[in-house]
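Chemist: I'd like to ask some things about the structure below.
The values are calculated or read from the model by the stated rules, or taken from the named source; none is laboratory data. Every value quoted in this text rests on a predicted model; they were computed, and no experiment measured them. Every residue, glycine among them, receives a Cβ derived from its backbone with ideal geometry; neighbour counts consider all protein chains shown. Accessible surface areas use protein heavy atoms only, side chains included; no ligands, DNA or RNA. Shrake-Rupley method; radii C 1.70, N 1.55, O 1.52, S 1.80 Å.
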Amino acid sequence: VSAAVTRLVPLTVGWSTLPLDFFLAGEPGEIRFPVTAYLIDHPAGLTVFDTGLGPTYIRPDGAALAGKFDIERSGAIDARLEQIGVDPATITRAIVSHLHLDHAGGLALVPNARIVVQRAERDYAYAGQARGYNRDEFDTGQDFELVDGEYDLFGDGSVLLSPTPGHTPGHQSARVRTRAGVAVLAGDACNLRRSLDELRLPTFGDDLEEYRRSLLKFARWQQDGAHICFSHDPDFWSTMAPGRAWPSADADGR
Ligand SMILES: [Zn+2]
């Protein structure tokens, strides 16, 4: 029997604009999309999943847009937590799907959290060969809790981490059991609803064959009744109610 978390709260923690083929190979044009994270409230400790864009990109509220990554001060993970009544200093763990700058950027803003990451991802990030990693923002002096493969975070089945490589070598996703069902926090292994519905690969990835196998994992979880939370899908996030426990009564389904 698996326990449920007390609450799961989706959060938006920045915005980005990139060519659409970063998500769907062959598609023209650009896409503006939210950068996302979650609070996972469990009796054994407050946890976040991903941390959004960090200090490198944070601009004062109201200041002009600076580039393809955009976050106002009031949109950063620490501010988002305060807005829902959570002191960022009380976060004990920060699970990161992977260490790219739009997922690990806010780690320093939850300063007492251990960084829960797959060992393969930590090693790849520190090797420093790939783009998309800001070492300053993940090499913060916070402790790492390294994961090798499948991991039951609290030992009660409520938060299950699972490798979903392809985007990066050590990418992981989380299945979170709430009283209303299981939410799959996809990270960049499944960016858009169309990625899954059409089994569409991005143009770039560490290993696109692994990416395809990871997409098939999401398809199985979905068949088993889980709700897939597409990390960067603007249409999907327009149905979410950031800052409210999931599933929110005023979100229109899903
Ligand atoms: Zn990424």
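Chemist: With the structure loaded, tell me whether Y126 is open to solvent by 30 Å² or more (accessible area, probe 1.4 Å), within 16 Å of the ligand (Cβ to nearest atom) and modelled with pLDDT of 95 or more or whether it fails that test.
Modeler: Numbers: open to solvent by 30 Å² or more (accessible area, probe 1.4 Å): yes; within 16 Å of the ligand (Cβ to nearest atom): no; modelled with pLDDT of 95 or more: yes.
For Y126, the condition - open to solvent by 30 Å² or more (accessible area, probe 1.4 Å), within 16 Å of the ligand (Cβ to nearest atom) and modelled with pLDDT of 95 or more - is not met.
Chemist: What number of residues in the range 221-246 are assigned to a helix (DSSP H, G or I) and closer than 23 Å to A37 by Cα?
Modeler: Matching residues across the range 221-246 total 6.
Chemist: Only one of R200, R177, R213 is more than 18 Å from the chain's Cα centre (by Cα) and not in a loop (DSSP other than H, G, I, E, B); which?
Modeler: Every option except R213 fails the conditions.
Chemist: Additional query: If we scan the range 90-100, do we find a residue that is at pLDDT below 95 and within 27 Å of G166 (Cβ to Cβ)?
Modeler: No, there is no match, as no residue in the range 90-100 is at pLDDT below 95 and within 27 Å of G166 (Cβ to Cβ).
Chemist: Since A79 meets every condition but one in (1) surrounded by 14 or more Cβ atoms within 10 Å (Cβ to Cβ); (2) under 30 Å from E209 (Cβ atoms), which condition does it not meet?
Modeler: (2)
Chemist: With the checklist (1) under 29 Å from S162 (Cβ atoms); (2) open to solvent by 40 Å² or more (accessible area, probe 1.4 Å); (3) not aliphatic (A, V, I, L, M) in hand, flag the one item R73 doesn't pass.
Modeler: So the condition that R73 fails would be (1).
Chemist: So, one more: Taking I31, is it surrounded by fewer than 23 Cβ atoms within 10 Å (Cβ to Cβ), at pLDDT 95 or above and within 16 Å of the ligand (Cβ to nearest atom)?
Modeler: Yes; evaluated as a whole, the condition is true for this residue.
Chemist: Tally the residues that are open to solvent by 50 Å² or more (accessible area, probe 1.4 Å), part of a loop (DSSP other than H, G, I, E, B) and in contact (Cβ under 8 Å) with a residue 24 or more places away in the chain, restricting the search to the range 144-159.
Modeler: Of the residues in that region, 1 qualify.
Chemist: Ok, one more. Being within 14 Å of the ligand (Cβ to nearest atom) and polar (S, T, N, Q) is the filter; apply it to the range 95-123 and report the residue that is nearest to H171 (Cα to Cα).
Modeler: Looking at the filtered set, the residue picked out is S97.
Chemist: Additional query: Are any of the residues in the range 166-180 away from the ligand (no atom under 16 Å from the Cβ), polar (S, T, N, Q), in contact with a helix residue (DSSP H, G or I) (Cβ under 7 Å, 6 or more places away or on another chain) and open to solvent by 10 Å² or more (accessible area, probe 1.4 Å)? Walk me through it before giving the result.
Modeler: Step one: list which residues in the range 166-180 are away from the ligand (no atom under 16 Å from the Cβ), which gives 175-180.
Add one more test, that the residue is polar (S, T, N, Q), and what stays is 178.
Imposing the further condition that a residue be in contact with a helix residue (DSSP H, G or I) (Cβ under 7 Å, 6 or more places away or on another chain) reduces the set to none.
The answer is no, given that none of the residues of the range 166-180 is away from the ligand (no atom under 16 Å from the Cβ), polar (S, T, N, Q), in contact with a helix residue (DSSP H, G or I) (Cβ under 7 Å, 6 or more places away or on another chain) and open to solvent by 10 Å² or more (accessible area, probe 1.4 Å).
Chemist: If you don't mind, there's one more thing I want to ask. So which pairs qualify, if the first residue must be in the range 100-114 and of a type in the set (A, V, I, L, M), the second must be within 11 Å of the ligand (Cβ to nearest atom), the Cβ gap must be under 7 Å, and the two must be at least 6 apart or on different chains?
Modeler: From residues that are of a type in the set (A, V, I, L, M), the pairs are L101/G132; L101/Y133; A104/V96.
Chemist: Could you check the range 47-70 and list, in sequence order, the residues that are open to solvent by 20 Å² or more (accessible area, probe 1.4 Å) and either within 24 Å of I228 (Cβ to Cβ) or out of contact with any helix residue (DSSP H, G or I) (no Cβ under 6 Å at 6 or more places or on another chain) (or both)?
Modeler: P55, T56, Y57, R59, G62, A63, A64, L65, A66, G67, K68, F69, listed by residue number.
Chemist: Looking at (1) away from the ligand (no atom under 16 Å from the Cβ); (2) under 17 Å from the mean Cα position of the chain (by Cα), find the lone condition where G157 falls short.
Modeler: (2)
Chemist: Which residue pairs have Cβ atoms under 7 Å apart, sit 6 or more places apart or on different chains, and have a first residue in the range 5-25 that is surrounded by fewer than 17 Cβ atoms within 10 Å (Cβ to Cβ) and a second that is among the acidic types (D, E) and not in a strand (DSSP E or B)?
Modeler: Close Cβ pairs satisfying both conditions: D21/E27.
Chemist: May I ask you to list the residues in the range 186-197 that are outside any loop (DSSP other than H, G, I, E, B) and out of contact with any strand residue (DSSP E or B) (no Cβ under 7 Å at 6 or more places or on another chain)?
Modeler: Across the range 186-197, the qualifying residues are D188, R193, R194, S195, D197.
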